[in-house]
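Below is one structure, written out as structure tokens; comments come after it.
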Amino acid sequence: MYSRQTAIPLRGVLIILVGLVVLPGCSNTPNPVASNISYGPDDQFANRTLDAAERRQVIRIMQDAVVGPTNDPARPAPYGARWTDVTHAATQACATLDMAILSVTEEQDGMLKRVEIISVGDVPYELLVHRLPAPEIFKATATGGLFDDQTETAEKLVRAFNKSMLAFGAKPGWPELTND
């Protein structure tokens, strides 16, 4: 029939098969971080309340990661406008005049921003924003039309841009960081 030599390998195969069937049923739920599954509000992995010592440790880690002063609160622009707001102000101004920005390029070592714009009627406009020393900060000019013949709408664009720059400058923000 069968010899003792074949009985050992058959027993080993049976043990392996039983292990494959039984072991998966004995394991806990999968790690939700690895499986991306939440098990509700009592899930020990999803919710964690830090005690006072852990909160202090997290704050200390975050403070150690900061380079430079941390006591400089956000505030409105000191001269009413910030150079960093040019693109946002142009976007806002264009939205009020049914225009869209095609591109924004910096030229002259960051002292000029050229904003290419298109209107709903496919009329091209160009907004030039020159960076000036404080307290002026910027000066904007615009041209419009294939032959620069859309002067009235170009003037509206400049007025809307100036208004947006002042509105963004009134919002709290941080001063520009210089590369020391």
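The values are calculated or read from the model by the stated rules, or taken from the named source; none is laboratory data. Bear in mind that the values here come from a model prediction, so they are computed numbers and not experimental data. Reconstructed Cβ throughout: ideal geometry from the backbone, glycine too, with neighbour counts over all protein chains shown.
Scan the range 111-124 and tell me whether some residue there is surrounded by 14 or more Cβ atoms within 10 Å (Cβ to Cβ) and either assigned to a loop (DSSP other than H, G, I, E, B) or not assigned by TED's automatic domain parsing to the domain that holds ARG159 (or both). Checked against the condition, which is being surrounded by 14 or more Cβ atoms within 10 Å (Cβ to Cβ) and either assigned to a loop (DSSP other than H, G, I, E, B) or not assigned by TED's automatic domain parsing to the domain that holds ARG159 (or both), the range 111-124 yields at least one hit.
Figure legend. Inter-residue proximity from the range 145-171: first residues in contact (Cβ under 8 Å) with a residue 24 or more places away in the chain and closer than 15 Å to VAL115 by Cα, second residues of a type outside the set (A, V, I, L, M, F, W, C) and assigned to a loop (DSSP other than H, G, I, E, B), beta-carbon distance below 9 Å, spacing 6+ or different chains. Indicated pairs: ALA154/GLY145; ALA154/ASP148; MET165/GLY80; MET165/ARG82.
When we screen THR84, THR91, THR49 for residues that are over 22 Å from the mean Cα position of the chain (by Cα) and either outside the structural domain of LEU132 (by TED's automatic domain parsing) or modelled with pLDDT of 90 or more (or both), the only hit is THR49. A single member of GLY169, GLY110, GLY144 is in contact with a strand residue (DSSP E or B) (Cβ under 8 Å, 6 or more places away or on another chain), small (Gly, Ala, Ser) and closer than 30 Å to PRO69 by Cβ, and it is GLY110. For the structure I just gave you, tell me whether THR153 is of a type in the set (S, T, N, Q), over 21 Å from ALA77 (Cα atoms) and not in a helix (DSSP H, G or I). Criteria not met by THR153. Looking across the range 94-106, just one residue is of a type in the set (D, E, K, R) and either in contact with a Leu (Cβ under 9 Å, 6 or more places away or on another chain) or outside the structural domain of MET165 (by TED's automatic domain parsing) (or both), and that is GLU106. Of all residues in the range 129-145, one or more are outside any strand (DSSP E or B), closer than 14 Å to VAL86 by Cβ and among the β-branched types (Val, Ile, Thr). Of all residue pairs spaced 6 or more apart or on separate chains, those with beta-carbon atoms under 7 Å, a first member in the range 71-88 that is within 18 Å of ARG114 (Cα to Cα) and a second member that is of a type in the set (Lys, Arg) are TRP83/ARG131; VAL86/LYS113.
Of all the residues in the range 52-81, those that are modelled with pLDDT of 90 or more, assigned to a loop (DSSP other than H, G, I, E, B) and within 23 Å of the chain's Cα centre (by Cα) number 3.
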